[in-house]
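The values are calculated or read from the model by the stated rules, or taken from the named source; none is laboratory data. All figures in this text were calculated on a predicted structure; none of them were measured in a lab. When we count neighbours, we look across all protein chains shown, and the Cβ atoms used for this are built from the backbone with ideal geometry, even at glycine. All accessible areas refer to the heavy atoms of the entire protein, side chains included, with ligands and DNA or RNA removed. Shrake-Rupley method; radii C 1.70, N 1.55, O 1.52, S 1.80 Å.
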Amino acid sequence: KVFISIKDNDKGNSILKASQILDGLGFQIIATKGTSKFLNKNGIRVETINKVSEGRPNIVDLLKDRAINLVFNTIFKKNLF
């Protein structure tokens, strides 16, 4: 299983190509809602999982259960100054 959660600015050809390859190799792709919508729109089979703030089950539950083998994640960093 592969978890993918990509910020909007990073949703492009690179993550799409990687997702297509992983899907083609038979990996189950799990993504947060926005990323899931992006991948589905581009023909990638994906299961949607909650962010921690959205309730359970969420991605942390899957990570703790060691149900995820690979993670693609980018975050938004607020300017602290």
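The set of residues from segment 46-81 being touching a helix residue (DSSP H, G or I) at 6+ places or on another chain (Cβ under 6 Å) and either exposed (fewer than 13 other Cβ atoms within 10 Å of the Cβ) or among the charged types (D, E, K, R) (or both) comprises just one member, VAL52.
For every residue, the table says whether it meets (1) at pLDDT below 95; (2) on the phi > 0 side of the Ramachandran plot; (3) not β-branched (Val, Ile, Thr).
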site: ASP8; (1), (2), (3): yes, no, yes
site: LYS11; (1), (2), (3): yes, no, yes
site: ALA31; (1), (2), (3): no, no, yes
site: LYS37; (1), (2), (3): no, no, yes
site: ARG45; (1), (2), (3): yes, no, yes
site: THR48; (1), (2), (3): no, no, no
site: VAL52; (1), (2), (3): yes, no, no
site: PRO57; (1), (2), (3): yes, no, yes
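For beta carbons closer than 6 Å, sequence separation of 6+ or different chains, a first residue in segment 1-24 that is more than 16 Å from THR48 (Cα to Cα) and a second that is open to solvent by less than 60 Å² (accessible area, probe 1.4 Å) and among the hydroxyl-bearing types (Ser, Thr, Tyr), the qualifying pairs are ASP10/THR74.
Could you list, in sequence order, the residues of segment 24-41 that are under 16 Å from ASP8 (Cβ atoms) and exposed (fewer than 15 other Cβ atoms within 10 Å of the Cβ)?
LYS33, LYS37, ASN40, LYS41
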